[in-house]
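What follows is a set of notes on a single structure, which appears directly below.
Quick note: the coordinates plus some simple rules give every number you see, no bench work behind them. The model shown is predicted, which means the values in this text are computed figures rather than measured ones. As a convention, Cβ positions derive from the backbone with ideal geometry for all residues, glycine included, and neighbour counts pool all protein chains shown.
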Amino acid sequence: MSASIRLKRFGTKKRPYYRIVVMDKRAPRDGKTIEELGYYHPIEAEDKQVLINEDRVKAWLQDGAIVSDTVHRILNKKNISV
């Protein structure tokens, strides 16, 4: 199984928020997750948009998890090296 760190969508129409999760890369976007690593609220104020468990992200990257493009940008914004 190859794991992927990506976003899982929640919220209502035009008011999305996302959880940063580890999933099987073949699973659907809103499917079963392996682990939740944080959240991303694009509509919130800049300081409240992102919360990430950095230790768990680094552990999953060590294990070979693939990071999606969007999550890669979010991690770069928070100065977490990928």
Per the helix-only model, the chain has a calculated mean residue ellipticity at 222 nm (DSSP H runs of ≥4, -39500 (n - 2.57) each, divided over all residues, rounded to the nearest 500) of -6000 deg cm²/dmol
Describe numerically, in nm with one decimal, the distance between label points set 7 Å from Cα along Cα→Cβ at SER81 and at ARG29. 3.3
At what distance in nm do the modelled label points of LEU51 and ARG9 sit from each other, each positioned 7 Å from its Cα along Cα→Cβ? 2.3
